[in-house]
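Step one of this worksheet: look at the structure below.
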Amino acid sequence: MVIEITDENFEDEVLKSKVLVVVDFWAPWCGPCLMIAPITEKLSKEYKGKVKFCKLNVDENPQAAGKYQVMSIPLLLFFDSGQIVDESLGAVPESMIRPKVEALL
């Protein structure tokens, strides 16, 4: 299950997480973002307990989007121990996201 996060709980859900976190920076008006959603939903079930998948609406949460200089969406940022360790920009297929997750586990 992909967790909807906000500026308010970003630190607790992402930066303080004990597991790898993938944050999907998105917006409801962004067509390519809607193409990424089913992929992150599928992977969140497969990697349950090992990887936390979150999504952050950039329009409603400008602080986190600004802090990580999110200029284009969809943007997936991979966090390990509160640090960005990888990223994926644009509507990429599952075959490009899965290897990144695997490499970080």
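List of remarks:
- Dipole magnitude (debye, nearest 20) for the chain, charges at Cβ of Lys, Arg, Asp, Glu: 380
- Charge-dipole axis of region 3-104 as Lys and Arg at +1 and Asp and Glu at -1 on Cβ define it, positive-most pick from S81, Q69, P28: S81
- Per residue, the convex hull spanned by the Cα atoms of the chain amounts to 85 cubic angstrom.
- Lysine pair number, Cα distance threshold 20 Å (strictly under), region 3-104, separation 8 or more or different chains: 22
- For region 40-105, the set of trypsin sites (Lys or Arg not before Pro) satisfying both a DSSP loop assignment and a count of at most 15 other C-beta atoms within 10 Å is given as K48, K50.
- Whole-number percent relative contact order across the chain, with pairs defined as alpha carbons under 8 Å at least 6 apart: 37
All of the numbers you see were taken from the coordinates with simple rules; none came from a lab. Because the structure is predicted, anything quoted here is derived from the model rather than measured. Glycine also receives a Cβ, built like all others from the backbone with ideal geometry; neighbour counts cover every protein chain displayed.
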